[in-house]
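Visitor: The structure's right below; bear with me while I get my questions together.
The values are calculated or read from the model by the stated rules, or taken from the named source; none is laboratory data. Computed from a predicted model, the values in this text were never measured in an experiment. FYI the Cβ positions are ideal-geometry reconstructions off the backbone, even for glycines, and counts take in every protein chain you see.
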Amino acid sequence: MRTTAKITLAVLALVLSGAQAQAQNTCSANPCSVNDTVKVTVATVLRLTLGASATTLTPPNEAAYDAGFLNDNGPVAGIKANRAWTLKVSANATTWTAANGARAGKVGLLSRV
């Protein structure tokens, strides 16, 4: 019973909306051409994609150790939006701390170079 009522209401809405549009836009020529101005407001849409959720770092060699750093490529961030945007990248902590067996003393040596 509910399904029949929903279908009936949907058909009735289509019929009434079609009649209203026809009354507003009439055309007697064949072929018929009608120009209307339509305005649509779209809410802000933003899509952020990341090329990877984690980045594997290259183990440093002697030259990287002497230089005090080793550049590695991180993930690629892609942004699509219908308005201006700013991407800010940050870490969970302001400095890196040694973990998983790394020696904390080496961190200070590398950062002083």
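Visitor: Of the residues 63, 104, which is at pLDDT below 85, of a type outside the set (D, E, K, R) and surrounded by fewer than 10 Cβ atoms within 10 Å (Cβ to Cβ)?
Guide: The unique qualifying residue is 104.
Visitor: Right, here's the next one. Within region 12-46, can you find the residues that are modelled with pLDDT of 75 or more and either in a helix (DSSP H, G or I) or over 30 Å from residue 80 (Cβ atoms) (or both)? Outline the logic, then answer.
Guide: Our first condition is that a residue be modelled with pLDDT of 75 or more; within region 12-46, this holds for 30-46.
Within region 12-46, 30, 31, 32, 33, 34, 35 meet the criteria.
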